[in-house]
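Below: the structure, in structure tokens.
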Amino acid sequence: MCHPALKEALTFARHLEDLARLRRVRDRLDREYALPLDVEALARGVRMPAGLLSRQFLLAYGQAPHGYLTARRIERAVAILCRGGPGAPGVAEIRSAVGCPSPETFGARFTAVVGVPPGVYRRQAARGGADLPPDDAGQVPGPVRNREARLPEPRLA
């Protein structure tokens, strides 16, 4: 049987390894948001069971991987829609560019997160944003930063 301090140090090291894996998943979601990604593929990439990845990601970042990916895609779509101007891509092109395969799902998620449909958002942004939803109602919940799971304090005896 190993010493309690050694056991605790090993648990802490395992926790650090898990956090590093979660950061790799988060970084992949940030980088490859426009690609088709699923939890099983993400989990295989960091050699974790998909259920464990989802639970630990939720604990570390406050959102499940799929929710984080959706927020990232909507955040990117908002940025593109705000640019607007002549020759700007249409909503369908933006939807495709950010990796949302279904127009219905994109429209529904965008509206749920931002407060208005993408086309309305574009028109309002073009008019200077006077009619955009207030910040607290239509704020895009972007990827969570600096809210990683707290590390347990090592107790060395």
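A few comments on the model shown:
- About its Cα centre, the range 67-138 has a charge dipole of approximately 200 debye under the convention of +1 per Lys or Arg Cβ and -1 per Asp or Glu Cβ, with nothing else charged.
- Residue order, fewest to most beta carbons within 10 Å, for His3, His66: His3, His66
- Between Thr111 and Leu59, the FRET efficiency from the beta-carbon distance, with R0 = 30 Å, is close to 0.55.
- Burial ordering of Ser54, Ser96, fewest other beta-carbon atoms within 10 Å first: Ser96, Ser54
- Oblate is the label for the range 67-138. Its Cα gyration tensor axes, ordered a ≥ b ≥ c, give a/c of at least 1.5 and b/c at or above a/b.
- For the range 4-62, size of Cβ-based charge dipole, Lys and Arg +1, Asp and Glu -1, in debye: 120
- Neighbour counts of C-beta atoms inside 10 Å place Cys100, Cys2, Cys82 in the sequence Cys2, Cys82, Cys100, starting with the fewest.
Any read-out appearing in this document is the output of simple, stated calculations on the displayed coordinates, not a laboratory observation. In this text the structure is predicted, and so the values were computed from the model without any measurement. Cβ atoms come from the backbone with ideal geometry, glycine included; neighbour counts cover every protein chain shown.
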